1. Using a cut-off of under 20 Å, list every residue of segment 76-93 whose amide N is near the label point 7 Å from the Cα of TRP33 along the Cα-to-beta-carbon line.
2. I'd like the distance between the alpha-carbon centres of segment 235-281 and segment 139-217, rounded to an integer number of Å.
3. In whole Hz, what ³J(HN,Hα) sequence does segment 38-51 give by Karplus (6.51, -1.76, 1.60; θ = phi - 60°), x for Gly and Pro?
4. What does the net charge come to around ILE123 if you take all other residues with beta carbon closer than 14 Å to its beta carbon, with K and R at +1 and D and E at -1?
5. ³J(HN,Hα) across segment 57-63 via Karplus (A = 6.51, B = -1.76, C = 1.60, θ = phi - 60°), whole Hz, x for Gly/Pro?
6. DSSP loop trypsin sites (Lys or Arg not before Pro) in segment 147-250 with at most 11 other Cβ atoms within 10 Å of their Cβ, which ones?
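What follows draws every value from the coordinates through simple rules; no lab data is involved. What you see is a predicted model, and the numbers here were worked out from it, not measured in a lab. Cβ coordinates were reconstructed from backbone atoms using ideal geometry, including for glycine residues, and neighbour counts include every protein chain displayed.
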Amino acid sequence: MTIDLGTLGLAQLPPRVAPVVDAVAQPVPSIVWQWAEAILVVIAGWYVSKLVVRSAGRMIARQFARPSITQTVLRGIRASVLLVAIGIAVQILGFQPGNILLSVTVFSAVVAVILAPIVASVISGLFVLADQPFEIGDMIELPDNNGGRKGFVEDITLRYTKMFTLDNTFIVVPNSTIRERDVINYSAEDERTRQSLSILVTYESDIPEARKIIERSARQVENVITGGPGIRVGSARYNAAPTCYIDEYADHGVLLTLRYWLQEPYKLLVARSKIQEHLWDELEDADVEIAYPHTHLMFDDTSGQADVAVTHRRPRPEGPEAPPEQHRAADRGGHAAAQTEKEPPDAVPQSDDAAAQSTDANAESTNADTE
């Protein structure tokens with residue numbers, strides 16, 4: 001395309017402006033128009049994909065009851081529209097489909113090792129969607145050595161699972177990881193959850209009265225199921241009302257265990273705290289005491305006296321001069337007998353000062369006899 005400056009009334013231009021106008025008036029290369037058309041096609045495909053997803057979203061949601069499947073199908077539709085737009089843009093740029101296919105094959109073979117973890121996550125995501133261990137909006141727990149993390153499933157994609165914990169933190173777990181670990185789903189089918197609470201009371205307490213008080217304290221909490229038909233779990237059926245059992249005769253008291261059911265698993269700690277609060281108020285006026293570890297020491301006058309004898313042994317000499325064992329035994333026996341003769345049983349041991357005074361007195365007596 002050539003522009004005639006005379007037709008535009010620009011035949012006479014200042015010397016400084018003429019080169020600029022001449023450069024603009026030059027024909028635009030075709031490659032620029034091709035790239036512009038390709039970019040416009042991709043942009044149009046982007047908006048068309050959003051429009052298609054918005055239009056078909058409700059219809060697809062009615063076809064699939066699970067939100068995770070619905071979102072996965074909508075993502076696939078949007079990706080397909082974008083791929084068609086990109087294919088048209090590539091043809092506008094002059095690339096042949098055969099060359100593109102060959103290039104994609106070679107590129108995929110080279111990058112396969114790098115993308116192996118992503119491919120594994122995608123395959124695991126397909127298994128997660130097919131096995132249905134949890135759904136968007138379910139409350140799940142990921143157990144670990146630190147007590148586990150509880151939260152609500154926000155989104156499930158082919159590569160990862162998004163989760164909001166009860167602490168309002170956001171967790172992104174790859175599907176390859178979440179597929180190989182234990183997952184506790186509190187919202188699967190029936191949201192009612194059974195919890196336990198252990199209370200240790202003294203042996204002197206009124207155990208039947210304690211069980212009634214514990215059950216009554218649980219019935220006063222809002223989220224606790226107070227009665228009704230039994231709750232079936234598999235082939236077993238459990239009592240829906242709070243029930244207190246004698247669990248164990250422990251060292252410091254009787255261990256009572258309360259079993260109760262909650263309507264929703266979202267406030268487990270709140271319900272547990274409320275039950276213990278009501279229980280504390282009920283036990284103030286009852287003949288029931290909470291047991292605690294303690295030790296009771298009893299002393300009486302029936303114990304006797306213990307005589308303890310301490311013998312100092314000399315080290316055994318080395319070499320041929322060492323006496324035989326029987327001689328050493330005899331020496332020890334004779335030495336013990338000598339001590340027995342010298343010190344009667346009722347003798348009172350003297351202190352060092354008393355012994356010194358006795359020695360001085362004996363010395364003076366000897367000197368007097370000599371004179």
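1. Taking a point 7 Å out along Cα→Cβ of TRP33, the residues of segment 76-93 whose backbone N falls under 20 Å are 88-93.
2. Their Cα centres are 15 Å away from one another.
3. 5, 5, 5, 5, 5, 5, 5, x, 4, 5, 5, 4, 5, 5
4. Summing Lys/Arg as +1 and Asp/Glu as -1 gives 0.
5. x, 5, 5, 5, 5, 6, 6
6. Sparse-neighbourhood loop trypsin sites (Lys or Arg not before Pro): ARG181.
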